[in-house]
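Step one of this worksheet: look at the structure below.
The values are calculated or read from the model by the stated rules, or taken from the named source; none is laboratory data. Just so it is clear, the structure is predicted and the values come from calculations on it, not from any experiment. Here the Cβ positions follow ideal geometry from the backbone for every residue, glycine too, while neighbour counts run over all protein chains shown. Accessible surface is based on the protein model in full, side chains and every heavy atom, while ligands, DNA and RNA are left aside. Shrake-Rupley method; radii C 1.70, N 1.55, O 1.52, S 1.80 Å.
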Amino acid sequence: MAHGGSALGRAGDKVVFVPYTLPGETVEVRLVEDRGRWATAELVRVIKSSPDRVTPPCPHFGLPRGQGPGARGQEAEAEDEGRQLEGEAGEQLEFTQGCGGCQWQHIAYPAQLRLKRAVVRDQFARVGKLPDVDVRPTIGMDEPWYYRNHVQFHVAEDGRLGFRALREHTVIPIQACYIMQPEVEALWKSLDLEFPELRQVVLRGDMGTDDRLALLRSNFDELPELEVDFPVSINLELSDGQVVTLIGAPWLMARAAGRDFRVSADAFFQVNTRMAEVLVRQVREGLRPHGGQTLLDLYAGVGLFGLALAGAMGEVIAIEEHPAAVRDWEVNAQGLANARLLPGKVEAVLPTLDESVDLVVLDPPRAGVEPVALDALAALRAPRIVYVSCDPATLARDAARLVQHGYRVRYVQPVD
């Protein structure tokens with residue numbers, strides 16, 4: 001499996017990336033983009049399938065028609081009425097464009113965990129040139145469905161809400177989504193929108209507090225008329241990025257790791273609350289605090305890691321640049337006398353930090369850490385660093401730079 005969700009195969013000397021396939025399978029594909037030494041392709045038929053292939057439950061998952069979406073529920077059966085569902089091996093099948101929200105529903109969950117571990121190991125070997133790193137087995141979910149507390153819908157041409165297609169800019173309207181948290185799904189199902197200028201709808205919910213929030217993005221700064229009959233906060237993001245509260249509050253409360261966190265409509269929070277708690281436990285295990293130490297929390301966001309661990313620290317110093325997240329952090333830190341925040345970009349603030357730190361946790365965006373920030377971090381000579389990453393490629397790249405500064409990668413723990 002390649003980083004990004006496709007499987008990697010070869011046709012002669014050409015490397016071909018194919019979504020919806022699995023290692024060990026023999027498949028027929030149609031090339032959609034040929035770059036010489038490598039190409040991307042779409043699946044036409046599975047000639048020899050993997051034992052790890054399963055039937056995706058979602059009616060919008062983009063397999064070739066006939067490749068097994070057989071038991072997907074009444075909504076899917078209604079959508080598929082009049083077309084053949086079960087294709088024989090080797091049959092030529094028409095490809096359906098799937099939504100881009102999921103790529104691995106055709107893979108049995110235990111195999112997903114093994115393959116994701118292999119992807120991480122491959123990125124450290126190829127990108128980081130660190131082939132001998134200890135990559136632990138992936139920590140999975142007890143229930144790998146209905147977990148996402150934050151979804152972003154686009155508006156299709158007919159006004160219905162949907163997700164972007166996997167490889168195109170088109171929007172696929174959806175009738176079901178198997179990864180939405182129930183609180184978010186209930187909010188989505190309750191929407192009745194007549195707002196021609198609407199461009200995007202962002203929905204958030206929290207299973208611990210039952211808070212729900214909608215953020216509307218439109219092409220014009222005209223305030224819509226609204227009517228609600230249950231508790232929900234509704235906000236509108238204007239063309240200049242300013243968020244205006246229409247109903248309720250410009251934030252929701254999220255509960256994780258034994259604390260409530262205020263999260264603004266446009267601030268980041270882990271999209272899987274249950275596994276966010278696993279991440280906090282893993283950070284604590286990696287840092288091994290023993291009291292009286294100073295923790296540096298980089299890309300602190302609303303404070304998930306630093307504030308959750310503040311009780312085990314002598315002091316927590318956080319750095320965060322996003323204005324809404326900074327305001328949230330200050331609210332979330334109330335009552336913690338040992339926590340303080342330095343607002344600004346990590347690459348700007350960190351080189352000016354003239355304090356001794358014992359432990360570091362960082363959770364940067366997908367692009368990773370700027371080299372100047374990594375160099376400044378290494379110059380602090382903190383004995384122990386825990387790097388939380390949502391992208392194994394930039395994680396491997398940044399780890400390699402820290403190794404050049406004298407650090408050693410003790411282990412890598414994938415968390416699904």
Are there any pairs, at least 6 apart or on different chains, whose C-beta atoms fall under 6 Å, with the first in the stretch 159-170 and touching a residue at least 40 places away in the same chain (Cβ under 8 Å) and small (Gly, Ala, Ser) and the second surrounded by 13 or more Cβ atoms within 10 Å (Cβ to Cβ) and part of a strand (DSSP E or B), and if so, which?
Gly162/Val171; Gly162/Ile172; Gly162/Pro173; Ala165/Ile172
Limited to the stretch 365-416, what total is found for residues that are among the aliphatic types (A, V, I, L, M) and either assigned to a helix (DSSP H, G or I) or on the phi > 0 side of the Ramachandran plot (or both)?
15
Suppose we filter Asp210, Asp266, Asp260, Asp229 for residues that are among the charged types (D, E, K, R), without any contact (Cβ under 8 Å) to a residue 12 or more places away in the chain and open to solvent by 50 Å² or more (accessible area, probe 1.4 Å); which single one remains?
Asp229
Is it the case, given these coordinates, that Val244 is at pLDDT 90 or above, part of a strand (DSSP E or B), over 30 Å from Pro383 (Cα atoms) and open to solvent by less than 10 Å² (accessible area, probe 1.4 Å)?
no
Log entry, pairs with first residue in the stretch 320-349 being touching a residue at least 60 places away in the same chain (Cβ under 8 Å), second being open to solvent by 80 Å² or more (accessible area, probe 1.4 Å) and among the aromatic types (Phe, Trp, Tyr), beta carbons closer than 8 Å, six or more apart or on different chains, reads Ala325/Phe268; Asp328/Trp251
The condition of being open to solvent by less than 40 Å² (accessible area, probe 1.4 Å), among the β-branched types (Val, Ile, Thr) and modelled with pLDDT of 95 or more holds, among Val120, Val127, only for Val120
Those residues of the stretch 291-311 which are in a helix (DSSP H, G or I) and farther than 16 Å from Val386 by Cα, in sequence order:
Gly311
Does the stretch 384-398 hold any residues that are among the acidic types (Asp, Glu) and out of contact with any strand residue (DSSP E or B) (no Cβ under 8 Å at 6 or more places or on another chain), and which are they?
Asp391
Taking Leu166, is it out of contact with any His (no Cβ under 8 Å at 6 or more places or on another chain) and under 24 Å from Ser218 (Cα atoms)?
yes
Phe195: hydrophobic (A, V, I, L, M, F, W, C), open to solvent by less than 70 Å² (accessible area, probe 1.4 Å), touching a Leu at 6+ places or on another chain (Cβ under 9 Å) and part of a loop (DSSP other than H, G, I, E, B), yes or no?
yes
I'd like the full set of residues that are open to solvent by 30 Å² or more (accessible area, probe 1.4 Å) and more than 18 Å from Thr294 (Cβ to Cβ), limited to the stretch 321-352.
Glu321, His322, Pro323, Arg327, Glu330, Val331, Gln334, Gly335, Pro343, Lys345, Glu347, Ala348
Whichever residue in the stretch 131-144 is in contact with a strand residue (DSSP E or B) (Cβ under 9 Å, 6 or more places away or on another chain) and open to solvent by 30 Å² or more (accessible area, probe 1.4 Å) and, among such residues, is farthest from Gly208 (Cα to Cα)
Asp134
Looking at (1) over 24 Å from Lys116 (Cβ atoms); (2) surrounded by 15 or more Cβ atoms within 10 Å (Cβ to Cβ), which is the one condition that is false for Pro19?
(1)
With Gly36, Gly70 as the choices, which residue is in contact with an Asp or Glu (Cβ under 9 Å, 6 or more places away or on another chain) and either open to solvent by 10 Å² or more (accessible area, probe 1.4 Å) or at pLDDT 90 or above (or both)?
Gly70
